[in-house]
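Here the structure is laid out as structure tokens; the discussion comes afterwards.
Values in this text are rule-based calculations from the coordinates and carry no lab data. Computed from a prediction, not measured in an experiment: that's the story for all the values here. When we count neighbours, we look across all protein chains shown, and the Cβ atoms used for this are built from the backbone with ideal geometry, even at glycine.
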Amino acid sequence: MKNKKTTEEVALGIRRRVFEHSMRNNGGYLSQACSAAEQLAWLYNEALNLGEPTMPMIPPPFGGVPAPGNDDYVTGAGYNGPFEPQYDRLFIAPAHYALVAYATLIEVGRMAEEGLEMFNKDGSSVEMIGAEHSPGMEVHNGTLGIGLSTGAGLAYGRRLRGDSGEVCVFMSDGEVQEGQTWEAIQACAHHGIDNVWAIMDVNDQQCDGAMSSVMEVRDIATKMRAFGATVVEIDAHDLNAMREAKAEPHEGQPLIILAHSSPTKGMEFLQRRFPRLHYVRFKSEEERDEMNQSIAKELGIDPVQFDTH
Amino acid sequence: MVEMVTRPYASAFEKYALANKDVICMSADLTSSCEIDGFRDRHPEQFMSMGMAEQNMMSFAGGLGLAGYRPFIHTFGVFTYRRPYDQLMASIAYPRRKVRIMGFLPGVTTPGGMTHQAIEDIAIMRAMPNMSILETGDATEVESLCEAADSIDGPVYCRVLRGSVPRLFDTPIKVGEMRELSAGDDVLVVTAGITTEEALRAKAALAGAGVSIRHLHLHTLKPFDSKRLLDHLQSVKHGVITLENHVINGGIGSLVAETIAEAGIEKKLVRLGLQDTYAHGGSRPYLMRYYGLDALALVRGIEGLMNIETNIDADDLDAVRVDAVHSSAKAEAL
């Protein structure tokens, strides 16, 4: 697909959309937009080789789960383009980044704006925690830690088939607390699976707060290298560093880019909430109003106009 | 004397996998224990060693399924669902990947004790949407298992017998069907896996005591043909007895109870199996006797159901087969 915007513009658009949506809906995954906007913008706008979307711009309603007889069932993979040998696949491992991922789809022209209006509405496929059938989601990743293993299996299969397309997994740093993440890396290294790569949003945040306070994971890069990955550490808001990291040779190993991010990047007002940033709600009307004014100013837009009720 | 077949899975799997190149053989460090060591040595390009890391293996297999492959997972049954339950659900069952889970050492067929004995696997898999379940009861079923499992449009969990396996049947598994081994009209006996051989041990003695048995052997536990079972239930006078190598909750006993209740028919049901208990380590005949899963337990169950005395005791039953603890037919004493 032809890029209509620069990656910087896409990233800003993601933050604006997630901010506006969170303001209107009395809260949301704001911090994930702050930390991951550049990463998702870069993946969709530059890094991945994706075909034209095969799904309608306005997402269809929930069409049932995979089951015998539900022959029309499709996943959300079509928003990332057709499953053809030359194209890359993308798994969003932390499925609670869905709002950010949907905003990205809109910014890069893969989903209509109306899609976000369906977010978390009953009967909609645009679910709060991205499901397999949600736009841009290709597999179920709602339980953290299963994404890289699935990506590795798909990559191994694609290598056997001779596909040139790679498998990319967008990960979150909290996932390294799960043993499965390490099982996946060692399996990739053991089997020389190097057509899978990952970019991990290292924001030091998890549901209970700062990761160091919940469960110290120590030096992720050193651990990953010891398990057999090629690791590059970058500033998650530096697009040139991202581009260079992807070019790192990683023959026989998976490439994992550790993108050290700020959970308040672009919305510094959220620092007041640090370190409880996993899901931002407003404690009062006054706070919502203050946040609306301040963050809108940071993002260079007008404050969100609320419906009177 | 019943024919014994040595390592029927080994040769059957190799033949099937070689004829189906989208089959990928996966193992979690129990390769010789699951009789695929020869396959690994002869066909390394179709074999994947996944190590002792079942969580990754399940999601990885899901990824292979997404790529259009049909992974055959080999390990002990108990290791395929207890630790990696979440991965089994999210990466395999939900998306209906064509993953064939070969669970060896079902129930008390291992002396490995609680950690090795899959005693609630059928209950777990029955509760999992999209999962099918097959169970093998003899060498012919083991030999036909790969083709039967691979014909299923979705994931399937299989209870596989290994080592020295008796040949009881001469026709392959036909998915969705059940075997009618006798057509009496006093009591319906429903068995699967190794308990079928036990019921057969009691056959002559029961006939001698004048008890007319209708015996069904199940190899397809899900999907299950309740309608067919209902026909058999309505063909007996005294009720039904289930004998399973599994806890009595959630397995074959429950399957039959559900059929009876949903049809609203009045039939007594006796459920034999592990009575809501764990087992411990010991030989198969010892465990089957101790926990009441053997031919004698079936006879006593039938006596209770019909309120009769048959005067059958252990000596009247066909001889129990005792496998050597150390045998060339199996990889280890487990």
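Here is how the numbers come out for the structure above:
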{"item": "Inter-centroid distance (Cα atoms) of the range B:24-70 relative to the range A:264-309, Å", "result": "50 Å"}
{"item": "Integer Hz, Karplus 6.51/-1.76/1.60 couplings in order for the range A:133-144, x for Gly and Pro", "result": "8, 7, x, x, 8, 10, 9, 6, 10, x, 9, 5"}
{"item": "Likely footprinting exposure, B:SER27, B:SER59, A:SER31, fewest C-beta neighbours within 10 Å first", "result": "B:SER27, A:SER31, B:SER59"}
{"item": "Shape of the range A:89-220, Cα gyration tensor, a/c cut at 1.5", "result": "oblate"}
{"item": "Sparse-neighbour loop sites [trypsin sites (Lys or Arg not before Pro); the range B:136-190; at most 14 other C-beta within 10 Å; DSSP]", "result": "B:LYS174"}
{"item": "Kyte-Doolittle at least -1.0, axis length at least 15 Å by Cα - qualifying DSSP helices, chain A", "result": "A:7-24, A:30-42, A:147-161, A:179-190"}
{"item": "The range B:7-166, relative contact order in percent, only Cα pairs under 8 angstrom and at least six apart counted", "result": "25 percent"}
{"item": "C-alpha long axis of helix B:8-19 to longest principal axis of chain B, angle in °", "result": "40 degrees"}
{"item": "The range B:178-305: C-alpha gyration tensor shape, a/c 1.5 cut-off, then a/b vs b/c", "result": "oblate"}
{"item": "Rounded to the nearest 20 debye, dipole of chain A from Cβ charges on Lys, Arg, Asp, Glu", "result": "120 debye"}
{"item": "Restraint check, A:LYS5/A:LYS283; B:LYS98/B:LYS267; B:LYS222/B:LYS268; A:LYS246/A:LYS283, Cα-Cα greater than 32 Å", "result": "A:LYS5/A:LYS283; B:LYS98/B:LYS267; A:LYS246/A:LYS283"}
{"item": "For the range A:196-309, convex hull of alpha carbons as volume per residue, Å³", "result": "135 Å³"}
{"item": "Euclidean distance of C-alpha centroids, the range A:1-66 and the range B:184-226, integer Å", "result": "60 Å"}
{"item": "C-alpha long axis of helix B:139-150 to longest principal axis of chain B, angle in °", "result": "50 degrees"}
{"item": "Neighbouring partner chain Cβ atoms per residue of B:48-55, average, 10 Å criterion", "result": "5"}
{"item": "Estimated dipole of the range B:178-305 in Debye, rounded to 20 [Cβ of Lys and Arg +1, of Asp and Glu -1, Cα centre]", "result": "180 debye"}
{"item": "Antiparallel %, DSSP beta bridges [both residues in the range B:178-305], to 5", "result": "25 percent"}
{"item": "P(r) weight above 45 Å for the protein assembly as shown, C-alpha pairs, percent", "result": "30 percent"}
{"item": "Fewest-first sequence of A:VAL232, B:VAL165, B:VAL299 by Cβ atoms within 10 Å of each Cβ", "result": "A:VAL232, B:VAL299, B:VAL165"}
{"item": "Loop GluC sites (Glu not before Pro), the range A:220-309 (other Cβ atoms within 10 Å of the site Cβ: 13 or fewer; DSSP)", "result": "A:GLU251"}
{"item": "Scattering profile of the range A:248-309 at q = 0.26 Å⁻¹ [log10 I(q)/I(0), Debye over alpha-carbon scatterers]", "result": "-1.20"}
{"item": "Cut-off under 5 Å, modelled amide H: who pairs with B:ILE133 long-range", "result": "B:TYR157, B:LEU221, B:LYS222"}
{"item": "Coordinate range along principal axes, alpha carbons of chain A, Å, largest first", "result": "58, 47, 36"}
{"item": "Cα-based helix-to-principal-axis angle, B:252-263 vs chain B, degrees rounded to 10", "result": "70 degrees"}
{"item": "At 1.306 mPa s and 10 °C, Stokes D of the range A:1-41 from Kirkwood alpha-carbon radius, µm² per second", "result": "151 µm²/s"}
{"item": "Of B:GLY154, B:GLY208, B:GLY251, the one that fluctuates the most in a GNM where chain B has Cα springs shorter than 10 Å", "result": "B:GLY208"}
{"item": "Separation between Cα centres of the range A:115-175 and the range B:140-162, rounded to whole Å", "result": "30 Å"}
{"item": "Cβ-placed point charges (K, R +1; D, E -1), dipole of the protein assembly as shown about Cα centre in debye, nearest 20", "result": "560 debye"}
{"item": "Ascending count of other beta-carbon atoms within 10 Å, so fewest first, for B:ASP170, B:ASP231, A:ASP173", "result": "B:ASP170, B:ASP231, A:ASP173"}
{"item": "Relative contact order for chain B, counting Cα pairs under 8 Å that sit 6 or more residues apart, in percent", "result": "17 percent"}
